[in-house]
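For reference, the structure discussed in these notes is given below.
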Amino acid sequence: MTQTAVEQLQIFLDVATESVLAAGAVLKERWGKLNNIQEKGRPGDLVTEADKLAEAEVLKVLNRHLPDHQILAEESGALGNSKSEYLWAIDPLDGTTNYAHGFPVAATSVGLLIDGIPTVGAVYNPFSNELFRAAKGLGATCNRRPIQVSRTAELSKSLLITGFAYDRRETTDNNYAEFCHLTHLTQGVRRLGCASMDLAGVACGRLDGYWERGLQPWDITAGIVILEEAGGKVTAYDGSPLDINSGRILATNGLIHDSLSQALLTTPALSEWKS
Ligand code: IPD
Ligand code: CA
Ligand code: CA
């Protein structure tokens, strides 16, 4: 990479960092004081004033530094210059259900896709005070210290994490069968309700793998960069290159990738499940 390219990425990373820290301050400030919690459409898909206020902070920072870029923000939709090769995917409050219930696992996730490729990411959890950051080719850090994925090489010794999308009551493709199957094959499967922190958890070696369906680009763009730069692997369930708009992701430390992929692809239906 040329010096100029590195400097450019560092500028983008600084902007992403400034934006997640500003949003995180709002999430801390509004904590426990919500008076407007609404459902966005599907039952359980919540939005609060904290989501909107945090998003406004992120947009303020991006518009100040990079007004020509394109934006996809969870609460505001598509904004900015639709011809730009730079697309920022913003989740102002990842973990809204947790936040609304007072369960302190939530983060702001801001990722940059350049020509469709996740290239820069910042995820800030103001409750654990952890700031995860990465840019392609420049490594990944948590609170400015380098991070790396785990060395767990066997699925049977792994600790995984997953999630369940808001359409789970409307489809049998709701990840329940996969959850049972993988719970049986591993040391455990966690569900914390914050996709960006799930990916960050694999990136720093607390977890060995993550899969989920029904996701949006704003849930995963930043986390993908952080995980890949920490030495992890991100693909579709079958190991083929990830389509960020497909909603499905398989993300691991690399070592258990093939066995987790195989387990997902051979999951028995719940009706056939037996211990
Ligand atoms: C949700 C969380 C959750 C995941 C859902 C996401 P939100 O995001 O990341 O972990 O299971 O699919 O939609 O709605 O809290 O921003
Ligand atoms: Ca989200
Ligand atoms: Ca959100």
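The values are calculated or read from the model by the stated rules, or taken from the named source; none is laboratory data. This is a predicted model, so every value here is computed, not measured. Heads up, the Cβs are rebuilt from the backbone with ideal geometry, glycines too, and the neighbour counts pull from every protein chain shown. Just so you know, the surface numbers come from the protein's heavy atoms only, side chains and all, with ligands and any DNA or RNA stripped out. Shrake-Rupley method; radii C 1.70, N 1.55, O 1.52, S 1.80 Å.
Residue by residue through region 216-275, note down the ones that are among the small types (Gly, Ala, Ser) and assigned to a helix (DSSP H, G or I). Can you show your working first?
Going through region 216-275, the residues among the small types (Gly, Ala, Ser) turn out to be 222-223, 230-232, 236, 239-240, 246-247, 251, 254, 259, 261, 263, 269, 271, 275.
Within region 216-275, ALA222, GLY223, SER259, SER261, ALA263, SER271 qualify.
So, in region 13-65, exactly how many residues are among the aliphatic types (A, V, I, L, M), touching a residue at least 40 places away in the same chain (Cβ under 8 Å) and open to solvent by 70 Å² or more (accessible area, probe 1.4 Å)?
Step one: filter region 13-65 for residues among the aliphatic types (A, V, I, L, M), giving 13, 15-16, 20-23, 25-27, 34, 37, 46-47, 50, 53-54, 56, 58-59, 61-62.
Next, only the ones that are touching a residue at least 40 places away in the same chain (Cβ under 8 Å) stay: 13, 15-16, 20-21, 23, 25, 27, 34, 37, 46-47, 50, 54, 58, 61-62.
Add one more test, that the residue is open to solvent by 70 Å² or more (accessible area, probe 1.4 Å), and what stays is 21, 37.
Summing the residues that are among the aliphatic types (A, V, I, L, M), touching a residue at least 40 places away in the same chain (Cβ under 8 Å) and open to solvent by 70 Å² or more (accessible area, probe 1.4 Å) in region 13-65 gives 2.
For region 154-205, give me the residue count where each residue is of a type in the set (Ser, Thr, Tyr) and at pLDDT below 95. It would help to see each step written out before you state the result.
Step one: list which residues in region 154-205 are of a type in the set (Ser, Thr, Tyr), which gives 156, 158, 162, 166, 171-172, 176, 183, 186, 196.
In the following step, the residues that additionally are at pLDDT below 95 were identified as 166, 171-172.
Looking only at that region, the number is 3.
Consider ASN143 against the criteria (1) open to solvent by 30 Å² or more (accessible area, probe 1.4 Å); (2) over 30 Å from GLN10 (Cα atoms): it satisfies all of them except one. Which criterion is unmet?
Condition not satisfied by ASN143: (2).
Within region 174-188, can one find any residue that is part of a strand (DSSP E or B) and in contact with a strand residue (DSSP E or B) (Cβ under 9 Å, 6 or more places away or on another chain)? Give the steps one after another, and end with the answer.
In the first step, residues of region 174-188 are kept if they are part of a strand (DSSP E or B); the result is 188.
Okay, now just the ones that are also in contact with a strand residue (DSSP E or B) (Cβ under 9 Å, 6 or more places away or on another chain), so 188.
Yes, region 174-188 contains at least one residue that is part of a strand (DSSP E or B) and in contact with a strand residue (DSSP E or B) (Cβ under 9 Å, 6 or more places away or on another chain).
Which residue is nearest to ligand 2 (Cβ to nearest atom), if the candidates are limited to region 90-118 and must be surrounded by fewer than 24 Cβ atoms within 10 Å (Cβ to Cβ) and assigned to a strand (DSSP E or B)?
So the residue we want is LEU113.
Restricting attention to region 72-82, and to residues there that are in contact (Cβ under 8 Å) with a residue 12 or more places away in the chain and away from ligand 1 (no atom under 11 Å from the Cβ), which single residue is least open to solvent (accessible area, probe 1.4 Å)?
Looking only at region 72-82, we keep the residues that are in contact (Cβ under 8 Å) with a residue 12 or more places away in the chain, and these are 72-76, 79-82.
Next, from what is left, pick out any that are away from ligand 1 (no atom under 11 Å from the Cβ): 72-73, 76, 79-82.
On the way: LEU72: 42, ALA73: 0, SER76: 59, LEU79: 65, GLY80: 61, ASN81: 62, SER82: 92 Å².
Step by step, filter region 72-82, then rank; the result is ALA73.
Would you point out the residue of region 176-209, among those that are without any contact (Cβ under 8 Å) to a residue 60 or more places away in the chain and within 10 Å of ligand 1 (Cβ to nearest atom), that is least open to solvent (accessible area, probe 1.4 Å)? Spell out the reasoning first.
Here is the first cut: in region 176-209, the residues without any contact (Cβ under 8 Å) to a residue 60 or more places away in the chain are 179, 183, 186-191, 198, 201-202, 205-209.
If we keep only those that are within 10 Å of ligand 1 (Cβ to nearest atom) as well, we get 191, 198.
Working: ARG191: 99, ASP198: 5 Å².
In this case the residue turns out to be ASP198.
Just to confirm my filter: which strands (runs of 3 or more DSSP E) fall fully inside region 9-82 and include at least 2 residues that are within 18 Å of THR221 (Cα to Cα) and outside the structural domain of PRO217 (by TED's automatic domain parsing)? Can you show your working first?
Values: elements: 37-39, 46-48, 70-73, 77-80.
Correct list: 70-73, 77-80.
Based on this model, can you work out whether ARG169 counts as open to solvent by 40 Å² or more (accessible area, probe 1.4 Å) and within 17 Å of ALA107 (Cα to Cα)?
No; evaluated as a whole, the condition is false for this residue.
From the list PHE127, PHE132, which residue is under 23 Å from ALA22 (Cα atoms) and either over 21 Å from the mean Cα position of the chain (by Cα) or open to solvent by 30 Å² or more (accessible area, probe 1.4 Å) (or both)? Break it down stepwise before answering.
Values: PHE132 fails: either over 21 Å from the mean Cα position of the chain (by Cα) or open to solvent by 30 Å² or more (accessible area, probe 1.4 Å) (or both).
Among PHE127, PHE132, only PHE127 is under 23 Å from ALA22 (Cα atoms) and either over 21 Å from the mean Cα position of the chain (by Cα) or open to solvent by 30 Å² or more (accessible area, probe 1.4 Å) (or both).
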